[in-house]
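One structure is given here, and the rest of the page talks about it.
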Amino acid sequence: MNIVYFVIGNSSVILMQVGFSIRTLLAQATEEDTIYVVTDIPKMFDGLPRVKTVCVSQEDIREWRGRHDFFWRVKIMVLRKIAQMSPGKPIVYLDGDTVLFGRLEELRELLAAGCGLMHRDEGCPSDMKEKSLRMWQTVGGRTYGGITIGQEHHMWNAGVVAIPAIVAGEMLDLALTICDGMLDDKAEPVVIEQYSLSVAMKERTERMLEARSWIGHYWHNKLYWSAYIADFFVRSYRLGNTVEDDIRRIRKTNLRGVHRRILVKRTIAKLLGKLH
């Protein structure tokens, strides 16, 4: 399995999130797995087992943004690059703010059976508000790459994108065609790359599943997870731990339980008016 991260810039918070996410994967990874970090700061990932860095420049990013200068088109281009570099393997893309708390072997089995996974099903954009709805009002009923966009094409959150090996190249080519077509039609660009991946995944996989049973994507809980991760690395530093020590510690931690506790903590804070 090819596991992919895309990291640009040197934000310490993001680097800690990615570093922790990688360690949760290393706690279960096998010889079959390679973790690719596509980045402009490859030295930050030195010393991590099973990790290969793919260095990208600002020129690469400008090219991948495409003729409409849409930054998130880069996500599709990153995935296509890995599919071309290492064909014949399933691809699992992860945002940095993710943790693996389910069994990686179960994900491997689902991908081998032709299932595609994304973080969660958010519903059809026609039922959404503001920018997502404006996007739908432009693209609904139009055809891109031979696919006519309809109510059956839901928006799936792209913090996790897991693609079976047998369709990876074809699916990503289709996603890019859909993305560029929607940009050509001047659709609201806020989530076009996410919707393009969602549509292509539906059209090219046996079925789609939500990945959140296996992978936590805490994009709405970053405050609490960032504090947890910072504490993890501070303790590791004070104890003089190695990466292998960190991985052993993660194996002993119920990360699903941590995720649930943080969800409860955030909910209580919202009820008390401490979060907006």
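The values are calculated or read from the model by the stated rules, or taken from the named source; none is laboratory data. Keep in mind it's a predicted model, so treat the numbers as computed, not measured. Methodologically, a virtual Cβ is constructed for each residue, glycine included, from the backbone with ideal geometry; neighbour enumeration extends over all protein chains shown. Accessible surface is based on the protein model in full, side chains and every heavy atom, while ligands, DNA and RNA are left aside. Shrake-Rupley method; radii C 1.70, N 1.55, O 1.52, S 1.80 Å.
Quick notes on this one:
- In the stretch 184-216, the residues that are open to solvent by less than 10 Å² (accessible area, probe 1.4 Å), more than 21 Å from residue 152 (Cα to Cα) and either out of contact with any Phe, Trp or Tyr (no Cβ under 7 Å at 6 or more places or on another chain) or free of Cβ contacts under 8 Å to residues at least 12 places away in the same chain (or both): 215
- Residue satisfying all of: in the stretch 221-266; surrounded by 13 or more Cβ atoms within 10 Å (Cβ to Cβ) and not in a helix (DSSP H, G or I); modelled with the lowest pLDDT among these: 221
- In the set (1) of a type in the set (Phe, Trp, Tyr); (2) surrounded by fewer than 16 Cβ atoms within 10 Å (Cβ to Cβ); (3) over 24 Å from residue 196 (Cα atoms), the condition left unmet by residue 71 is number (3).
- When the stretch 137-157 is limited to residues that are without any contact (Cβ under 8 Å) to a residue 24 or more places away in the chain and touching a helix residue (DSSP H, G or I) at 6+ places or on another chain (Cβ under 9 Å), the one that is nearest to residue 171 (Cα to Cα) turns out to be 146.
- Search result, residues across the stretch 84-111 that are of a type in the set (A, V, I, L, M), under 24 Å from residue 154 (Cβ atoms) and over 15 Å from the mean Cα position of the chain (by Cα): 110, 111
- Here the condition is being in a strand (DSSP E or B) and open to solvent by less than 50 Å² (accessible area, probe 1.4 Å); of 18, 54, it holds for 54 alone.
- In the stretch 141-166, of all residues being open to solvent by 20 Å² or more (accessible area, probe 1.4 Å) and touching a Ser or Thr at 6+ places or on another chain (Cβ under 6 Å), the one that is nearest to residue 202 (Cα to Cα) corresponds to 156.
- Of all the listed residues (169, 181), the sole one being modelled with pLDDT of 95 or more, more than 21 Å from residue 86 (Cβ to Cβ), open to solvent by 10 Å² or more (accessible area, probe 1.4 Å) and not aliphatic (A, V, I, L, M) is 181.
- Meets criteria (over 19 Å from residue 225 (Cβ atoms) and either surrounded by fewer than 18 Cβ atoms within 10 Å (Cβ to Cβ) or modelled with pLDDT of 95 or more (or both)) for residue 77: yes
- So residue 174, is it under 22 Å from the mean Cα position of the chain (by Cα), free of Cβ contacts under 8 Å to residues at least 60 places away in the same chain and open to solvent by less than 60 Å² (accessible area, probe 1.4 Å): yes
- Helices (runs of 4 or more DSSP H) fully within the stretch 66-157 counting 2 or more residues that are small (Gly, Ala, Ser): none
- Given (1) open to solvent by 10 Å² or more (accessible area, probe 1.4 Å); (2) under 22 Å from residue 245 (Cα atoms); (3) out of contact with any Phe, Trp or Tyr (no Cβ under 9 Å at 6 or more places or on another chain); (4) at pLDDT 95 or above, index of the condition residue 25 fails: (1)
- Subset of the stretch 27-51 (residues that are closer than 20 Å to residue 10 by Cβ and either small (Gly, Ala, Ser) or in a loop (DSSP other than H, G, I, E, B) (or both)): 40, 41, 46, 47, 48
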